[in-house]
Amino acid sequence: MSRAFSDYQSIPRVAAPRVVIALDGRGSRLYFPGETLAGSYWFEDVGGDDIKAVECSVLWHTVGKGSEDMGIHAFRRYAIEAGDWIDPRRPGRFNTLLPKSPLSYSGTLIKLQWSVRVRLFLADGRQAVEDLPFHLGNLPDIRTLKPVEIG
């Protein structure tokens, strides 16, 4: 017995969980070494019983030719099994003092990018992750520099 198309329309669809990250009080995402990076994160389409754990990290990674590198500057994991209280109705908070290096860089062969990453682990095994990039330092984009003639 086949089902009519209208039968399938009544099956509820599960919304994909979403992570949203916001940085505190800045119009730009440019930070300097020694400054405090702070912000909040929250979840959409997630119930309290759905959450197993949350990880928040501030990290950098390289993209380009050769092997890709990654470094974690700050990391925090909150897990229900560890007794942590996670309420999806209230934003989570993060803050960290930014290091002196490595600085964000956009060269012709590699880029070094900083970001805040929040990963949500759900009880049913699904995950949602969001990265919010920011710049550490103010190095010029090498692709926009003009060669200097020596003569």
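The values are calculated or read from the model by the stated rules, or taken from the named source; none is laboratory data. For clarity, every value in this text was computed on a predicted model and none was experimentally measured. Because the Cβ atoms are built from the backbone with ideal geometry, glycine has one as well, and the counts that use them run over all protein chains shown.
Of all residues in region 63-78, those that are surrounded by 12 or more Cβ atoms within 10 Å (Cβ to Cβ) and in contact with a Lys or Arg (Cβ under 7 Å, 6 or more places away or on another chain) total 1.
The set of residues from region 79-96 being surrounded by 13 or more Cβ atoms within 10 Å (Cβ to Cβ) and assigned to a strand (DSSP E or B) comprises Ala79, Gly92, Phe94, Thr96. Filtered by the rule that a residue be surrounded by fewer than 10 Cβ atoms within 10 Å (Cβ to Cβ), at pLDDT below 90 and assigned to a loop (DSSP other than H, G, I, E, B), region 110-151 gives Pro140, Leu145, Lys146, Pro147, Val148, Glu149, Ile150, Gly151. Select from region 11-56 the residues that are of a type in the set (Asp, Glu) and under 16 Å from the mean Cα position of the chain (by Cα) and write down the one among them that is surrounded by the most Cβ atoms within 10 Å (Cβ to Cβ). Here the answer is Glu55. Only a single criterion out of (1) under 18 Å from the mean Cα position of the chain (by Cα); (2) more than 13 Å from Leu136 (Cα to Cα) is not satisfied by Arg89, namely (1). Tell me which residues, restricted to region 69-118, are of a type in the set (Phe, Trp, Tyr) and either in contact with a helix residue (DSSP H, G or I) (Cβ under 7 Å, 6 or more places away or on another chain) or closer than 28 Å to Leu30 by Cβ (or both). Answer for region 69-118, where residues must be of a type in the set (Phe, Trp, Tyr) and either in contact with a helix residue (DSSP H, G or I) (Cβ under 7 Å, 6 or more places away or on another chain) or closer than 28 Å to Leu30 by Cβ (or both): Phe75, Phe94, Tyr105, Trp114.
Number of residues in region 37-68 that are at pLDDT below 95, more than 18 Å from Val20 (Cβ to Cβ) and not basic (Lys, Arg) equals 6. Checking each residue in region 97-109 for being buried (at least 17 other Cβ atoms within 10 Å of the Cβ) and either of a type in the set (D, E, K, R) or assigned to a strand (DSSP E or B) (or both) picks out Tyr105, Ser106.
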